[in-house]
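Novice: Please find one structure pasted underneath; my questions will follow.
The numbers here are math on the coordinates, done by the rules we state, and not lab data. Just so it is clear, the structure is predicted and the values come from calculations on it, not from any experiment. Cβ sites come from the backbone with ideal geometry, for glycine too, and all protein chains shown count toward neighbours.
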Amino acid sequence: ASTVTGPTGPTGDASTVTGPTGPTGDASTVTGPTGETGPTGETGPTGLTGPTGDASTVTGPTGPTGDASTVTGPTGPTGNASTVTGPTGPTGDASTVTGPTGPTGDASTVTGPTGPTGDASTVTGPTGPTGTSTPSGFLMGNVLRVDDVNGNDGTAVVGGAPYKTINAAISAATSGTTIWVLPGTYNLTNGITIPDGVCLRGLNTQTCVIQMTGFTGSTLLTMGENCRVEDLTLKLTSSTNDINLTGIEFPRESTLKSKLRTSVLTVDNSGVSSSSTSNVYGIHCSGTGSFTESTFSFNCIKGSTINVKSNGMGNKRGILVSGSNQVSTRDTNIYVATPSGPTGSYVGIETAHTGYTGSIQVRSTSIGAPKQLNPPTFTSSDILQSYPPSLTNPSYLASPGIQIGPGTDLVTKSAGGKP
């Protein structure tokens, strides 16, 4: 088969078996015409594979299949399992990941300083300890917060962390600041005086309570000038006999320059003996000042409730005007009450300026004093104009004494026999 195919000889009779091949012609001759194909004889046995012919020949028959192992080769014995990823070498310097981790510290390392580590710059560095002077949550300018839950007088600052007590906030307040009282009950050991130009405001009347147990001659709150108190419940109580109590004092010209708004004031010593003597005032106006064109709309007391509950002898007043100052109210409820069978004098509003100029104008206000017993054991009236003793027509804006404006309700319809 290694020879080049020579020219085919003449085709023999088709019925005969293929005869022997004639002598090979000159390889340079062109292939002769193919004779007619004779009948296929029986396939003889496969001969030995001859030597590989010239590469230009058609591929010869495939030799017998070799050993199957030649496909992929026999699998060698399983090596050590470490050959899967290669043996792990000794642990290198931990700094190749995030820096070596120091030994575990005690539990304080959760927020405290971390033990020795790699270069701290690769993470964020340890957090320093929390300071104590950082304002609590947010800054509020000229506002002093008072918080019964989270306050601390030692760390509080104006516009930042809250105070614990009303007294501390009052001491720190200056003109132009507001003291904002968060919900809670604040107990005073001494009465407070609002500095001039300062406002004291609760978050809500129902939940912001300032209270004090009274002692002889005590006043719960004294108004400065150009001040405002609002949205607070104020309580002054006592069970001690023979002491004088005042809820709010309006001195100087505060009735013309300061305001009480949407608050509830209660002064209560109704538990004392009926034989004791005490002068109990809800609001005492003892200052000076005259009405001006703006006084009618100023209303130093508005939208508030004044409760006076007392027992025994002495004077009990919802509002007492004893100074030459001018007072105006609107949308206010004034109630004076007492246990049954006492002595003393119980009045909603009284003017008692001996100079005959003290005045109060009352609009949209309800005034009630206890109803007289029969027979009476005490004196009582909704209003009482002790001074001036007679009525005068106003020459300008207002006259001294009590003026009853529109919407005012005198509950017992009584004036104590006065004008």
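Novice: For residue 164, what charge total do you get from the other residues with a beta carbon under 10 Å from its beta carbon, if Lys and Arg give +1 and Asp and Glu give -1?
Specialist: With Lys, Arg at +1 and Asp, Glu at -1, the neighbours total -3.
Novice: Can you list, bin by bin at 5 Å, the percent of alpha carbon pairs in the range 327-385, starting at 0?
Specialist: Histogram of Cα-Cα distances, whole percents per bin: 4, 18, 25, 19, 17, 11, 6, 0.
Novice: Continuing with the same structure: So if I take the alpha carbon set of the range 195-313, get Rg, then get Rh from the Kirkwood formula, what is the Rg over Rh ratio? Working shown, then result.
Specialist: Working: Rg = 14.8 Å, Rh = 14.8 Å.
A ratio of 1.00.
Novice: For the range 144-253, report the translational diffusion coefficient in µm²/s to the nearest whole number, using Stokes-Einstein at 37 °C, 0.692 mPa s, and a Kirkwood Rh over Cα pairs. List each step's numbers first, then the result.
Specialist: Working: Rh = 14.1 Å.
Once the numbers are plugged in, D ends up at 232 µm²/s.
Novice: Moving on to the next point. For the range 153-162, take each phi angle, set θ = phi - 60°, evaluate the Karplus expression 6.51 cos²θ - 1.76 cosθ + 1.60, and give the result in whole Hz per residue in order, putting x for glycine and proline.
Specialist: Per residue, the Karplus-derived 3J(HN,Hα) values read 5, x, 10, 5, 9, 5, x, x, 4, x Hz.
Novice: Let me ask another. Count the net charge of all other residues whose Cβ sits under 13 Å from the Cβ of residue 231, scoring Lys and Arg as +1 and Asp and Glu as -1.
Specialist: +4
Novice: Please list, ordered by chain and number, the residues whose modelled amide H lies under 5 Å from the amide H of residue 366; skip anything fewer than 5 residues away on the same chain.
Specialist: Close amide H contacts, sequence-distant or interchain: 332, 333, 334, 409.
Novice: Net charge around residue 332, counting only other residues with Cβ within less than 10 Å of its Cβ (Lys, Arg = +1; Asp, Glu = -1)?
Specialist: The answer is +2.
Novice: Once the Cα gyration tensor of the range 274-419 is diagonalised, what are the square roots of 5 times its eigenvalues, in whole Å and ordered largest first, as equivalent ellipsoid semi-axes?
Specialist: On the way: eigenvalues 131, 46, 37 Å².
Those come to 26, 15, 14 Å.
Novice: Please state the relative contact order of the range 200-335 as a whole percent: Cα pairs under 8 Å, 6+ residues apart? Intermediate results must be reported in sequence, preceding the final value.
Specialist: Values: 403 pairs, mean separation 32.3, N = 136.
In percent, rounded to a whole number, it is 24.
Novice: Related question: How high is the relative contact order of the range 136-263, in percent, with contacts defined as C-alpha pairs under 8 Å that are six or more residues apart?
Specialist: Over the range 136-263, the number comes to 19 percent.
Novice: From the P(r) of the range 276-358, can you give the percent of Cα pairs sitting at distances over 20 Å?
Specialist: Here the long-distance tail beyond 20 Å is 38 percent of all Cα pairs in the range 276-358.
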